[in-house]
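Structure first, then comments.
The values are calculated or read from the model by the stated rules, or taken from the named source; none is laboratory data. Computed from a prediction, not measured in an experiment: that's the story for all the values here. In this analysis, Cβ positions are derived from the backbone assuming ideal geometry, glycine residues included, and neighbour counts consider all displayed protein chains. Heads up: the accessible areas ignore ligands, DNA and RNA and are worked out on the full protein's heavy atoms, side chains in. Shrake-Rupley method; radii C 1.70, N 1.55, O 1.52, S 1.80 Å.
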Amino acid sequence: MIIDDQHYDIIIIGTGAGGGTLAHRLASSGKRILILERGDFMALEEQNRTSVDVFKRERYHAPEQWYDQDGEPFAPQTNYAVGGNTKIYAAALLRLRDRDFTAVPHQGGLSPAWPLGYSDFEPYYSEAEQLYQVHGNWGSDSLGHDPTEPEHSQGYPFPAEPHGVLEQDVAAIAAQGLHPTPLPLSLTRQDDDPTGDSQVFGIDLALKHGNVTLKTNARVTALHTNSSGQVVKAVEARIGDQAFLFLGDIIVLACGAINSAALLLQSANEKHPNGLGNGSGLVGRNLMKQSLTAIIQRSQPNSGTFRRSVSLNDFYWGDGEFDFPMGHIENIGGLLQDVIYAESPPVLSVLAKLMPGAGLAQLAKRSIGWWAQSETLPDPDNRIRWNGKKLFLDYKANNLEAHDRLVYRWIEVLKAVDGPRGGPYPRGEVPIQVVANQCGTCRFGKDPATSVLDLNCRSHEVENLYVVDSSFFPSSGSVSPALTIIANALRVGEYLAAR
Ligand SMILES: Cc1cc2nc3c(=O)[nH]c(=O)nc-3n(C[C@H](O)[C@H](O)[C@H](O)COP(=O)(O)OP(=O)(O)OC[C@H]3O[C@@H](n4cnc5c(N)ncnc54)[C@H](O)[C@@H]3O)c2cc1C
């Protein structure tokens, strides 16, 4: 074991939405910061979201195996690289709705209140939108106003981009009295790397400061505490064939909700026999990953490589026939570049039957896809388990009636858009390996008996240990999580900079 001879003020583990943003927030503080990232920089051609050639199923899957509750292995859809999953995400950056922070009855049970409200997060949402150059519409002059959009103290820094190929469909959806709204997107406006992520807006900016060091291909394998178990003294990581120990005053986990919880469970010791900071028994529990269904609408020929652009929340809190929250709708980008191409062969095979003789690429160029996305509720039995050798995801989707209703409701809308020549509308749910919107495995709260982290996302039990990825979410909401993770990293960063 090699002991690194530097001593750092802060060690950040992971460079995704949480870790990358935090690194940027803290870089100007002058503190000595070490960032450990298990992946490497992604080559530009690997990131190029418009290239069909690089779009392979494997691109979205890590080269390792996790196991479902029946012990079946699968390759998780998660990206190990500088920027984490934001290197492959769709860059749709939405705020949770303000009611998402309160206790909300769902058909499948109660979505719990967060210990902080929307107003506590609002300034950081605004800061996050400025930092990530979000293009969107807000305010009275907006083209299409989403009635569920919470108050913004600042408008988006850039106006939304036009809907392009979807313009006519959007008009036909709006004609039904609905409110299709531009999907807020992080865009760099650079031709070669158009989508904003936590490398571009986090790590690259942080590395301009001489006090920040990044080590790539550095997989953290354990956190070691002092003899009382109150403080993490050292971070163990493998770089190549070597094991290293890094020493720091503040340790921040940002490995993603599943991997951060796994690392805590793997770091069990005499003082923390059930996993580090796991006196509550909640580390790894309450895993949520939203229910996602892809719905395909046949359309006129298109390039197959356009961006996502439409958001619709008219059914977020239910509709006239269903008095419980249903969820969020957004369009899938061109099918040749989007995850559906890799994740939903069943959807495409239904499509193939509808258009015999066409190859997958041709099918994709004759289709428009939509995601229906619904909240799942925290369930302590949905969890990450580490048996000393293997990582298990015990997971059963819940709140499914709400999701089914959303899917059927959306198909009704599409039928009205398409008229008699439309449909059928193949659809496919995503399998267990799709963990894109994972959250909840170390929820934050005031009570150490019912939460893992305090309000500053610090472990209730280990005084220098923080978690700033999506682990802290008490509920998932129905919109994608990245902007909330980014906003929270800015919030925690402000606290740590002052600490
Ligand atoms: C295909 C796809 C599309 C998506 N689209 C959207 C979208 O449009 N909008 C949205 O809001 N969200 C989207 N998401 C989800 C979004 O990307 C995630 O919510 C977000 O990236 C999570 O941020 P994080 O910081 O929690 O973790 P991650 O981004 O997963 O980052 C974790 C980092 O930790 C590193 N790491 C893990 N374990 C270790 C270890 N042991 N040692 C060292 N480093 C480690 C990883 O390599 C990674 O860099 C999408 C996700 C996917 C996969």
Original post:
Only one of Tyr425, Tyr408 is away from the ligand (no atom under 16 Å from the Cβ) and in contact with a strand residue (DSSP E or B) (Cβ under 9 Å, 6 or more places away or on another chain); which?
Top reply: Tyr425
Original post:
In segment 433-462, what residues are open to solvent by 40 Å² or more (accessible area, probe 1.4 Å), in contact with a strand residue (DSSP E or B) (Cβ under 9 Å, 6 or more places away or on another chain) and assigned to a loop (DSSP other than H, G, I, E, B)?
Top reply: Ala436, Arg443, Leu455, Asn456, His460
Subject >> The lone exception for Ala90 - which of (1) of a type in the set (A, V, I, L, M); (2) open to solvent by 20 Å² or more (accessible area, probe 1.4 Å); (3) more than 15 Å from the ligand (Cβ to nearest atom) it fails >> reply: (3)
Subject >> Subset tally (residues that are small (Gly, Ala, Ser) and in contact with a strand residue (DSSP E or B) (Cβ under 7 Å, 6 or more places away or on another chain)) for segment 72-105 >> reply: 4
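Residue-wise test of (1) open to solvent by less than 20 Å² (accessible area, probe 1.4 Å); (2) within 30 Å of Gly281 (Cα to Cα).
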site	(1), (2)
Trp370	yes, no
Asp379	no, yes
Ala402	yes, yes
Val413	yes, no
Arg421	no, no
Pro424	no, no
**OP:** Go through segment 1-33 residue by residue and tally those that are part of a strand (DSSP E or B) and either of a type in the set (Phe, Trp, Tyr) or crowded, with 24+ Cβ neighbours inside 10 Å (or both).
**Re:** 6
Original post:
Hey, any hits in segment 35-45 for a residue that's modelled with pLDDT of 95 or more, within 22 Å of Ile485 (Cα to Cα) and of a type in the set (A, V, I, L, M)?
Top reply: yes
Original post:
Does Asp146 qualify as being farther than 30 Å from Gly117 by Cβ and either away from the ligand (no atom under 14 Å from the Cβ) or at pLDDT below 95 (or both)?
Top reply: no
**OP:** Confirm whether His135 is over 16 Å from Pro481 (Cα atoms) and surrounded by fewer than 21 Cβ atoms within 10 Å (Cβ to Cβ).
**Re:** no
Original post:
Within segment 373-428, how many residues turn out to be assigned to a strand (DSSP E or B) and small (Gly, Ala, Ser)?
Top reply: 2
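Here is a yes/no grid of residues against (1) open to solvent by 40 Å² or more (accessible area, probe 1.4 Å); (2) outside any loop (DSSP other than H, G, I, E, B):
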{"position": "Tyr67", "(1), (2)": "no, yes"}
{"position": "Gly71", "(1), (2)": "no, no"}
{"position": "Arg99", "(1), (2)": "yes, yes"}
{"position": "Pro105", "(1), (2)": "yes, yes"}
{"position": "Leu110", "(1), (2)": "yes, yes"}
{"position": "Trp114", "(1), (2)": "no, no"}
Subject >> Unmet requirement for Asp197, which otherwise passes all of (1) in a loop (DSSP other than H, G, I, E, B); (2) open to solvent by 40 Å² or more (accessible area, probe 1.4 Å); (3) modelled with pLDDT of 95 or more >> reply: (2)
**OP:** Please tell me if Tyr466 is of a type in the set (Ser, Thr, Tyr), within 16 Å of the ligand (Cβ to nearest atom) and either at pLDDT below 95 or crowded, with 19+ Cβ neighbours inside 10 Å (or both).
**Re:** yes
